[in-house]
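Please read the structure below before turning to the comments.
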Amino acid sequence: MQKLIIQGGTRLCGEVAISGAKNAALPVLCAALLTTDTVKINNVPFLHDVTTMLALLKKVGVVIETTSDHSETVLTATTLSSLMAPYEMVKTMRAAILLLGPMLARAGEAIISLPGGCAIGLRPVDQHIKGLQAMGAEIKIEHGYIHAVAKQLKGTQIVMDIVSVTGTENLMMAATLASGTTVIENAAREPEIIDLANCLIAMGAKIHGAGSDIITVEGVKSLHGATHNVMPDRIEAGTFLVAGAASQGEIYLSGVASHTLDAMLDKLTEAGAIIQLGDNWISLKMNNRPKSVDLRTAPYPAFPTDMQAQFMAMNCIADGTAIITETIFENRFMHVQELKRMSANISVEGNTAIIRGITRLDGAYVMATDLRASASLVIAGLIAQGETVVDRIYHLDRGYERIEDKLSQLGAKIKRSS
Ligand code: UD1
């Protein structure tokens, strides 16, 4: 199993180019299922989740041509040879549920493994199923699989009980080929939804309101090919900014969509960082020890759950006491036990963590438990005294492109070992 070995204590300084967004690339790749034409996707990040998604799309019959780093990926779904996403693939990547909506709309049937729980929580998919049923799909859960059938989906009004990102994406994709108009209320407003909508619109879909909580989709008979550039990854950008701030460094991010990071930038400013930005760049300078910042995760535009663990690492060495409340996932404090092994002073009660800042963390052998928890441990290792070994970094490779190379560019002493 691969590990990262980090010698902590370096101030991170320099420039990093931000990759395409994992959470935008995955749904956009699935959108190719909606047309028999060729769809070209640029700025696809080189990540395990993308490799898994491409393998899954290939398995159902999509012809894929891609560069070695996946950055330019061309997909053609002339015919679908299988309508099934098997458990072996879905269990490693929950986003495989994103095949459900487009495959059902395109082929009239889809058999997708139920993802099951994961390290951070139960993560049901009832909202995806409820929405598709409202559009006329017959759905049975059989032997751990969602079996959905619908000759022709019908537009309708759907009120989502819970704001769900992939739920909204699945329903929006399904609605593009439904007969009539679909209105999705209480939709997720994440920038990745807008990115997907832009790709679908380029393919001929009629979508209004993406980025607001009411999305209207007028169904069309067919979609056509298009070229789309995946938006920059706001979580990767946020992770580097926090690493820069926690190490009292000075960093410059290029190729970033700065307007998608407002909640994170507010918190970094509150922590004492000096931030400047343009449309596609952000610079951060931290002159002093960071100040503790309270935060509460919630759907976009509020503070993202995917950045909670990284900010916790910074709060560990900040001046003061911080309260972090996690409202999205019920078990997303797995990094706490590991941070405590590095001498952090954290107590958890229910969905709230209280972090009392100390002046330094100690390097230790720690275990990554999920994607963003891994990023938090890497940040902790970068600011700790001595050596930190982060084990089980396959989680990290699911969502961060060449993280050790990018951190080395900033002066970090970090290397990968098998
Ligand atoms: C997406 C992101 C993930 C991020 C999360 C929250 C992708 C590929 N992944 O995951 O990185 O952490 O949004 O911003 O985009 N829920 C239900 N029923 C449903 C669907 C969701 O109860 O049918 C609950 C979930 O358990 C969770 C909350 O709703 O508590 C939000 O989940 P959701 O937005 O669906 O997360 P994902 O789309 O899986």
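The values are calculated or read from the model by the stated rules, or taken from the named source; none is laboratory data. Just so it is clear, the structure is predicted and the values come from calculations on it, not from any experiment. Every residue, glycine among them, receives a Cβ derived from its backbone with ideal geometry; neighbour counts consider all protein chains shown.
Here segment 137-167 is the region considered, the condition is being near the ligand (Cβ under 7 Å from one of its atoms) and of a type in the set (A, V, I, L, M, F, W, C), and the residue that is farthest from the chain's Cα centre (by Cα) is Ile162.
State all residues of segment 376-411 that are part of a loop (DSSP other than H, G, I, E, B) and of a type in the set (A, V, I, L, M, F, W, C); if no residue qualifies, say none. Give the derivation first.
Keep residues of segment 376-411 that are part of a loop (DSSP other than H, G, I, E, B), which gives 384, 386, 392-393, 400-402, 410-411.
Passing the criteria: Ala384, Ile393, Leu410.
Considering only segment 317-331, I want to know if a residue exists there that is closer than 23 Å to Gln7 by Cβ and away from the ligand (no atom under 16 Å from the Cβ). Step through it out loud before you land on a result.
Taking segment 317-331 and keeping what is closer than 23 Å to Gln7 by Cβ, we get 317-318.
Next cut, away from the ligand (no atom under 16 Å from the Cβ) only: 317-318.
Within segment 317-331, one or more residues are closer than 23 Å to Gln7 by Cβ and away from the ligand (no atom under 16 Å from the Cβ).
Of the residues Gly225, Gly211, the single one that is over 22 Å from Gly9 (Cβ atoms), surrounded by fewer than 24 Cβ atoms within 10 Å (Cβ to Cβ) and either free of Cβ contacts under 8 Å to residues at least 40 places away in the same chain or under 17 Å from the mean Cα position of the chain (by Cα) (or both) is Gly211. I need the full set of residues from segment 372-398 which are surrounded by 22 or more Cβ atoms within 10 Å (Cβ to Cβ) and without any contact (Cβ under 8 Å) to a residue 40 or more places away in the chain, in order please. Of everything in segment 372-398, just one residue is surrounded by 22 or more Cβ atoms within 10 Å (Cβ to Cβ) and without any contact (Cβ under 8 Å) to a residue 40 or more places away in the chain, namely Ser374.
Looking only at residues of segment 186-218 that are outside any loop (DSSP other than H, G, I, E, B), within 15 Å of the ligand (Cβ to nearest atom) and in contact with a strand residue (DSSP E or B) (Cβ under 7 Å, 6 or more places away or on another chain), we find that the one that is farthest from Ala302 (Cα to Cα) is Cys199.
Applying the condition of being within 14 Å of Ala313 (Cβ to Cβ) and among the hydroxyl-bearing types (Ser, Thr, Tyr) to segment 370-413 and asking which residue is farthest from the ligand (Cβ to nearest atom) yields Thr388.
All told, Ala202 meets the bar of being modelled with pLDDT of 95 or more, surrounded by fewer than 17 Cβ atoms within 10 Å (Cβ to Cβ) and either within 17 Å of Pro27 (Cα to Cα) or touching a Phe, Trp or Tyr at 6+ places or on another chain (Cβ under 8 Å) (or both).
Being surrounded by 15 or more Cβ atoms within 10 Å (Cβ to Cβ), under 25 Å from the mean Cα position of the chain (by Cα) and more than 21 Å from Glu190 (Cα to Cα) holds for only one residue in Ala257, Ala273, and it is Ala273.
How many of the residues in segment 249-266 are assigned to a loop (DSSP other than H, G, I, E, B) and more than 22 Å from Tyr400 (Cα to Cα)? Don't jump to the end; show me each part of the working.
Step one: of segment 249-266, the residues assigned to a loop (DSSP other than H, G, I, E, B) are 249, 255-257.
Narrowing further to those that are more than 22 Å from Tyr400 (Cα to Cα): none.
Residues meeting the conditions: 0.
Filter segment 290-316 down to the residues that are over 13 Å from Val336 (Cα atoms) and within 13 Å of the ligand (Cβ to nearest atom) and list them by number. Listed by number, the residues that qualify are Thr297, Ala298, Pro299, Tyr300, Pro301, Ala302, Phe303, Pro304, Thr305, Asp306, Met307.
Taken together, the residues in segment 95-136 that are of a type in the set (Lys, Arg), within 12 Å of the ligand (Cβ to nearest atom) and modelled with pLDDT of 90 or more amount to 1. Screening Asp49 against (1) surrounded by fewer than 18 Cβ atoms within 10 Å (Cβ to Cβ); (2) modelled with pLDDT under 95; (3) of a type outside the set (A, V, I, L, M, F, W, C) leaves a single unmet condition, (1). The residues listed here are Ala96, Ala17; of these, the one that is surrounded by 17 or more Cβ atoms within 10 Å (Cβ to Cβ), of a type in the set (Gly, Ala, Ser) and in contact (Cβ under 8 Å) with a residue 24 or more places away in the chain is Ala96.
Starting from residues that are hydrophobic (A, V, I, L, M, F, W, C) and more than 22 Å from Phe240 (Cβ to Cβ), keep the ones in segment 335-346 and report whichever is farthest from the ligand (Cβ to nearest atom). Residue satisfying both the conditions and the ranking: Ile346.
Of all residues in segment 65-87, none are within 16 Å of the ligand (Cβ to nearest atom) and surrounded by fewer than 15 Cβ atoms within 10 Å (Cβ to Cβ).
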